1. If you check every pair at least six apart or on different chains, which have Cβ atoms under 8 Å apart with a residue in the stretch 37-51 that is buried (at least 23 other Cβ atoms within 10 Å of the Cβ) first and a residue that is β-branched (Val, Ile, Thr) and assigned to a strand (DSSP E or B) second?
2. If I go through the stretch 173-207 residue by residue, how many of them are among the polar types (S, T, N, Q) and within 16 Å of residue 133 (Cα to Cα)?
3. Out of (1) out of contact with any helix residue (DSSP H, G or I) (no Cβ under 8 Å at 6 or more places or on another chain); (2) farther than 30 Å from residue 427 by Cβ, the odd one out for residue 372 is which?
4. Quick check: is even one residue across the stretch 154-163 of a type outside the set (Gly, Ala, Ser), outside the structural domain of residue 324 (by TED's automatic domain parsing) and touching a His at 6+ places or on another chain (Cβ under 9 Å)?
5. I'd like the full set of residues that are of a type in the set (Lys, Arg) and either more than 23 Å from residue 301 (Cα to Cα) or exposed (fewer than 15 other Cβ atoms within 10 Å of the Cβ) (or both), limited to the stretch 333-379.
6. Report yes if some residue within the stretch 57-75 is in contact with a helix residue (DSSP H, G or I) (Cβ under 7 Å, 6 or more places away or on another chain), more than 30 Å from residue 385 (Cα to Cα) and at pLDDT 95 or above; otherwise report no.
7. Taking the criterion of being under 14 Å from the mean Cα position of the chain (by Cα) and crowded, with 24+ Cβ neighbours inside 10 Å, would at least one residue in the stretch 252-266 satisfy it?
8. Modelled with pLDDT of 95 or more, crowded, with 17+ Cβ neighbours inside 10 Å and touching a Gly at 6+ places or on another chain (Cβ under 6 Å): which single residue out of 168, 194, 177 fits that description?
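The values are calculated or read from the model by the stated rules, or taken from the named source; none is laboratory data. As the structure is a computational prediction, the values presented were derived from the model and not from experiment. In this analysis, Cβ positions are derived from the backbone assuming ideal geometry, glycine residues included, and neighbour counts consider all displayed protein chains.
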Amino acid sequence: MARIQRILLICLIPLFSHSQVFNYSTLDFNNVKSQVNDEGAFFFPSASNSLGYEIPKGGGVSSIYCGSYFFGGYDALGQLHLSGSMYNHDNVSSGDGLHSGPIANQNAYASVQYSNLYQNSIWNVASADIDNHIANFQNSGYVIPSAIATWPGNGASSLGVANQLAPYIDLNNNGVYEPNLGDYPDIRGDEAVYVIMNDKSYLPDADAMTIEVHAMFYQFSSGNYLNNTTFLNLRVFNRSNTTYTNYRQALIMDFDIGNFSDDYVGCYAPNNVLFGYNGDLIDEVNAGNIGYGTSIPSQGVVSLSHDLYSAGPYGQGGQTFPDELGTWLMMNGQDYNGSYWTDLNSLPTLFKWNGNPNIPTDWHELSLNNPKGDRRGIMTIQEPNLPAGGSICTDYAFIYDRSAGPFENAQNVIYIADAIRNFYQSSDFFPCQSGVFSAVNHIEENTAASVFPNPSNGQFTIEMTQSSAYSIRVTDALGKIVHTEHFIGKSANIRLNRVVSQGVYFATIDSELGTFTHKVVIE
């Protein structure tokens, strides 16, 4: 169920009726309770006494205080353009921050129509609601849930908004989102929060990129580490006529592992992960911030779709909260003061504190005996260009481990990053290049195979529309094959209850009719 809060900031600027309002939604389908807003930040608490990324859910303690996005690139004249919401102490954007809603004509932002449509640009949708919608949209008395009914599949073209916005399943392929005719949001995971933001609607300056950012945060409920994971699909649309070269895109993370005052930050480039961890063996209560005690987790974020270009601490080298240019330098392996990051051999590096904290001889803050404290990190991906009218898609996962001591947990986060990237790369339903987000989350009407009952106790039937020779393989959430069978006919009875535990699995059917993948839930 969506839980959305609105916080009005000091924003009554006469020229902009599209004021700066923070709309919040909670995503808490698994062991993580996270808060997402539509003003360029994520996991930022909606109130002073709340938590933005509570894990375990209900535990009263969090591992992330806040995250934000930042983007940059050069135009044909060599002018640097920068946009994004850089984290600072008050979580108010400096420079060209991101604000709710899509790109529109400049005079449209002050209109009542734009405000009514896009002042709140955050939607929370559960796959169960979509399944119910698919089953009942034709039934008399059925009321379409608000998030499905108002899903921004199409933009207000009269305001200069792009015609196609958020992804949806278009049953009659007419390019119009019509939930009353059975169309529905195309989400990932068991529950998702979808956000649309832009860098032009509220007090832009000359170097704004004119980009539209679509963020989908989503979760799975599972019996393994996916139950402690939140995924992010990020799509950046260039709505300008300028092609930006040397494109960089960063996530800025404020890792507060419970008590923020005794933390370290690090990265591990081979696994494309940035992480925070506790600098000692106890996470105390400090200034009202509840610690994790002696069972201290590590929290990381891994880039799934792209290799990292750079990663390291954010806010080192002269200023705790850098400005736009300082952030750009840090995206390119430099400190705020312009000095290049260097490794233990004093050679320039794009990855600072790149090591495994559980290996004493590796390069990390623990081996350097750095003073512990409040830590932020930055991780950056690159593309040669962001074309005019084009887009770039990236996938991330926020990962966590609390199974051992603080340094071994950091090592486990590194291992989880590798496992989840392997799973991602071997799957055809996660990557950004996948044409349909929810290829395994929903069975479309014209599919040649169906699975029932689903969920099940491990015994279910796969039924084809035609008799055929086919093979079936069932994989777990990590891509490990747990069952294979070969059949001739129209149906097969599968029995998994003796070989698998509860959780989410994927049944792939290879036949003369094609290849079909279905999500299977074992309860």
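1. Here the result reads 37/122; 37/195; 38/122; 38/195; 38/196; 39/21; 42/36; 43/36, each pair linking the stretch 37-51 to a residue that is β-branched (Val, Ile, Thr) and assigned to a strand (DSSP E or B).
2. Residues flagged as among the polar types (S, T, N, Q) and within 16 Å of residue 133 (Cα to Cα) within the stretch 173-207 amount to 1.
3. Of (1) out of contact with any helix residue (DSSP H, G or I) (no Cβ under 8 Å at 6 or more places or on another chain); (2) farther than 30 Å from residue 427 by Cβ, only one is false for residue 372: (1).
4. no
5. None; the set is empty.
6. no
7. yes
8. 177
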